[in-house]
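Colleague: First the structure, then my questions, so here it is.
Where a number appears in this text, it was derived from the coordinates with a stated rule and is not lab data. None of these values were measured; they are calculated from a predicted model. Cβ placement follows ideal geometry from the backbone for every residue including glycine, while neighbour counts extend to all protein chains displayed.
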Amino acid sequence: MATTLKGDKGFTDLIKEDGVSKSDSRIEAIGAVDEAWSALGFARAVASIPEHKAIILHMQNDLHLLMSQLAGNKKAQSGKNTFDDSHTEWLEEIIDDIKTKIVMPKAFIVSGDTLAGAALALARSIVRRAERRVVSVVEQYPYTDPTLIKYLNRLSEACFFLELAQNA
């Protein structure tokens, strides 16, 4: 049989930790980040600006590393952290660049002006949920790197500015 059947009983594994309840805050956080990763994939598929497709793919790759770190893989094969401040700094550069190319709305915006914009609004809200789940993990498991929270906070902001740019 190709399956472990652990999932049928409400358990799964993390890196170097077997039999973790699927209700564990780390599993909840990984699941929420995975949802954000998928939503960004949808946004990338419908984005109309090629540069944005590349940015979103980079974000997805970052989230893959972030999930790995949440699962317990704190070090890459090189021995360096799989996730660090350089990822957040990259996002801040992206946000600053996009801000120079758009006009900020003067009122509350409602998503749905374009398919890509709506997809990015959905991704942003899912990233916000992932951020809340990661906050719970950091509170519950003090060894968890709080850099992950900062990255997700910036990621939701980047999704917002990408949405505005896609709607322009």
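Colleague: Once phi is turned into θ = phi - 60°, what whole-Hz ³J(HN,Hα) does the Karplus curve with 6.51, -1.76 and 1.60 give for every residue of segment 94-101, x standing for Gly and Pro?
Modeller: With coefficients 6.51, -1.76 and 1.60, one gets 4, 4, 4, 5, 5, 4, 6, 10 Hz.
Colleague: Another one. Could you tell me which residue out of Met104, Gly7, Ala119 lies farthest along the dipole of the chain toward its positive end? Charges go on the beta carbon: Lys and Arg +1, Asp and Glu -1, centred on the Cα centre.
Modeller: Sorting the options by dipole projection puts first Gly7.
Colleague: What is the distance, in nm, between label points placed 7 Å from the Cα along the Cα-to-Cβ direction at Glu92 and at Leu57?
Modeller: 2.7
Colleague: Right, next: When we measure straight from the Cα of Lys99, which aspartates and glutamates land under 18 angstrom away, once same-chain ones fewer than 8 places off are left out?
Modeller: Filter leaves Glu51, Glu89, Glu157, Glu163.
Colleague: Please enumerate, by chain and number, the aspartates and glutamates with C-alpha under 19 Å from the C-alpha of Lys9, excluding those fewer than 8 residues away in the same chain.
Modeller: Glu17, Asp18, Asp24, Glu28
Colleague: Further question on the same structure: Going out from 0 in 5 Å bins, what whole percent of all Cα-Cα distances in the chain drops into each bin?
Modeller: Whole-percent P(r) values from 0 Å outward: 1, 9, 17, 20, 18, 13, 10, 7, 3, 1, 0, 0.
Colleague: What is the distance in Å between the Cα centroid of segment 1-69 and that of segment 84-127?
Modeller: 21
Colleague: Rank the residues Glu93, Glu163 as a footprinting-exposure proxy: fewest other Cβ atoms within 10 Å of their Cβ go first. Provide the component values of the computation, followed by the final result.
Modeller: Values: Glu93 10, Glu163 26.
By the 10 Å Cβ count, ascending: Glu93, Glu163.
Colleague: For the chain, what is the mean residue ellipticity at 222 nm derived from helices alone (per DSSP H run of n ≥ 4: -39500 (n - 2.57); sum divided by total residues; nearest 500 deg cm²/dmol)? Write down the numbers at each step before the final one.
Modeller: On the way: 5 runs with 105 residues, N = 168.
Mean residue ellipticity at 222 nm (helix-derived): -21500 deg cm²/dmol.
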